[in-house]
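All remarks here apply to the structure that follows.
Nothing in this text is a laboratory measurement; each read-out follows from the coordinates by a stated rule. Owing to the predicted nature of the structure, the values given are computational and were not obtained by experimental measurement. Don't worry about glycine lacking a Cβ; one is built from the backbone with ideal geometry, like all the others, and counts go over all protein chains shown.
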Amino acid sequence: MGYGVNSDSLDRAVAMGLSVIGADSGSTDMGAYYLGSGKPYHSRATMKRDISLILEAGLARGLPVLIGNAGGAGGDPHLEWAREIVEEIAREKGLSFTLALVHSEQDKRYLRERLRAGKVQPMPGVPDLTLERIDACERIVGQMGAEPFMDAMSRGAEVVLAGRACDSAIFAAYPISRGVGAGLALHMGKILECGAMSAVPPTGRDCLMAAMDGDSFEIIAPNPAREVTPFSVAAHMVYEVEHPFLQGEPEGILDFSRVTFEETGHRTTRVAGTLFHAHQMPTIRFEGAERVGFRSIVLGGIRDPFLISRLDEYIAGCTEQTLSLVAQDGVSLNWIVYGRDGVMGEMEPHRGRVGHEVGVLAQVLAQSQEVAHDVAALLEARMIGFTYPGAKTRTANVAFPFSPLVNDTGPVYRFSVLHVAELAARSELTSLFPIELAKVGAR
Amino acid sequence: MTNRHLIDFVEFLFSKNAGPYVITFDAIFKDEAAYDQVRRSGVFNKATLARLFNVPESRILSIHEYPAGRVIKFNIVRDTSSGDFGDRSVFGSQLWAPLISLEIPSESIG
């Protein structure tokens, strides 16, 4: 959600008879900036349009509306951003309902305590957690499972706005609350979370439906222009995950190794055979963003064949001359050369095949925006004026497209916490995610 | 018969994030025959992939096959996490191009 929900598909799905509407609107995918800065990823206007569509569709028929990863990264500022949008819609459309806000921003004390207890593991590729890393984070969130959604519904919420949540849990919460097995429900949620990405042609901007059965479920495309096939569902199950058939959830591990797919109609596929290996004690994934500095950038193009043939020397020379004028600690320079190895860096097998023109993105990281800006200004002057033997031009090395020449892009964040903690008690599945209930609009 | 390249067998090639520290690469095959032939060829191994992407084998986290999705998938640990200073691809996208020309040995018949 937040990219422009297809309203025709939503209407069709509702007409086919729904029990609940779910929407996922966030991820770690866009980097740590959003979690660290507290800013939303999506456009406010599009988010308002999308929330408005599903709120009206759900409330008109008494269907619970569950929105997870509201505002993107799951911090309190993100949840507040989403709450303001919901309240604005309610005022403008004259809607009234009970709203649950489920918080996912965490007090650092809990994670420190779990780390001291030896109950924290890094996600693959992530360094081990330390107390210093926890302390350095601007903001830490926990990724909730289905329980807080179920709790909010049982306490009378008609609309749930939740912070950081497992995308599967948003869609699994209602069926689990009606007695469907957690594994099957979570598997269904994994398929619905990207909308019609499991359909052909795939897109995250269209709706997808699931019909739950005793021990299977059917995936249905409400849009007649799309099909759901065994292959389209299976291919999507591996999308953006490390393992194709083992996927971690707070309560256990989903296992798709025995799953069967059966085409049940033109637009429908039945899925069965999901296994679920429950943990003895549930786990929660924590995500924390540390500010590593502030960035300023200089962007330019080079068309000069003599300079292109000496790019490494040019970059090293500009870097060295600039840093020799910098008094402060904690300043880093980084160069991306498009047309050579801009996308792949050291992974580029064709680094030697440089085009007739290259784009150069020079970045400065410093401990304040002021210092980053000043160093980038020094760098820009070196970039245009750098001299070398064999040069055929002077003080004209780069074509800069912008005035201002130096652009400040703000703080840079890193996911310093991306770790899974074993809980001390099952009750923490809900107690870590406090629920705030509020009446919205006039009754 | 000359060797063919991976691009001749696939419907799609992807690279995307599997979390901020891992990039997952997916080769989704045209049909079961293509999937089976490439799987049997054994070219998706740590040594070959490490050489192709110029990374140490220790950064090839895992390689998986999933027949129902006609997918062979492998994972590379990033040297810079998504969005950190020095990252080149926040979504982990566009890093699959070297796979295009991965050579798939032809199979002898009989």
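What to note about this one:
- In sequence order, the stretch A:135-144 has phi-based couplings of 5, 6, 6, 5, 7, 10, 10, x, 9, 6 Hz under the Karplus curve 6.51 cos²θ - 1.76 cosθ + 1.60, θ = phi - 60°, and Gly or Pro positions carry x.
- Label zone at A:Glu436, where the point sits 7 Å out along the Cα-to-Cβ direction: the stretch A:157-199 residues whose backbone N lies under 15 Å: A:160-164
- Among A:Ser37, A:Ser403, A:Ser332: highest mean-square fluctuation, GNM of chain A, C-alpha pairs under 10 Å: A:Ser403
- 10 Å Cβ neighbours from other chains, averaged over peptide B:60-73: 5
- A Förster distance of 30 Å, applied to the separation of the beta-carbon atoms of A:Glu320 and A:Ala136, puts the FRET efficiency at 0.50.
- Averaged over A:347-359, number of beta-carbon atoms from partner chains that fall within 10 Å: 2
- For chain B, with +1 on Lys and Arg beta carbons and -1 on Asp and Glu, the positive-most of B:Ser101, B:Ala18, B:Gly69 along the dipole: B:Ala18
- Average beta carbon contacts from partner chains per residue of B:75-84, 10 Å cutoff: 6
- Note that the stretch A:364-370 has calculated 3J(HN,Hα) couplings of 10, 10, 9, 7, 9, 5, 4 Hz, one per residue in order, obtained from phi through the Karplus relation 6.51 cos²θ - 1.76 cosθ + 1.60 (θ = phi - 60°); glycine and proline are x.
- Taking the longest Cα principal axis of chain A as reference, the axis of helix A:182-192 is set at about 50 degrees.
- Karplus (6.51, -1.76, 1.60) ³J(HN,Hα), θ = phi - 60°, over the stretch A:276-289, in Hz, Gly and Pro reported as x: 9, 9, 6, 6, 5, 10, x, 10, 10, 8, 10, 10, x, 10
- For chain A, the relative contact order works out to 20 percent when only alpha carbon pairs closer than 8 Å and six or more residues apart are counted.
- With a Förster radius of 51 Å applied to the beta-carbon distance between A:Glu357 and A:Arg205, the computed FRET efficiency rounds to 0.90.
- Calculated [θ] (222 nm, deg cm²/dmol) that DSSP helices of n ≥ 4 give over chain B, each run adding -39,500 (n - 2.57): -4500 deg cm²/dmol
- Relative protection proxy for B:56-64, A:27-35, A:6-14, from highest mean packing down: A:27-35, A:6-14, B:56-64 (other beta-carbon atoms within 10 angstrom).
- Label sites at A:Ser427 and A:Lys39, each approximated as a point 7 angstrom past Cα along Cα to Cβ, lie 4.1 nm apart.
- Within the stretch A:192-261, trypsin sites (Lys or Arg not before Pro) in DSSP loop having at most 13 other beta-carbon neighbours inside 10 Å: A:Arg258
- For the residue pairs B:Lys16/B:Lys46; A:Lys119/B:Lys46; A:Lys190/A:Lys439; A:Lys39/A:Lys119, the alpha carbons lie more than 29 Å apart in A:Lys119/B:Lys46; A:Lys190/A:Lys439; A:Lys39/A:Lys119.
- You can think of it this way: the chain between A:Arg61 and A:Ser96 has 11.3 nm of extra reach, that is 0.36 nm per residue less the Cα-Cα gap.
- Considering helices alone, the calculated mean residue ellipticity of chain A at 222 nm is -9500 deg cm²/dmol, with DSSP H runs of length four and up weighted by -39500 (n - 2.57) and normalised per residue.
- Percentage of interatomic Cα-Cα distances in the protein assembly as shown larger than 35 Å: 43 percent
- Long-range HN-HN contacts of A:Val160 with modeled amide H, under 5 Å: A:Val65, A:Leu66, A:Ile67, A:Ala100
- Packing-based order for A:120-133, A:144-157, using average beta carbon neighbours within 10 Å, highest first: A:144-157, A:120-133
- Rounded Å value of the spacing that divides the Cα centres of the stretch A:371-443 and the stretch A:137-172: 28 Å
- As a calculated quantity, the FRET efficiency between B:Arg39 and A:Lys108 at R0 = 41 Å, using C-beta atoms, amounts to about 0.35.
- Degrees separating the helix A:76-93 axis from the principal Cα axis of chain A, which is the longest one: 60 degrees
- Virtual spin-label span in nm between A:His266 and A:Gln328, 7 Å along Cα→Cβ: 6.3 nm
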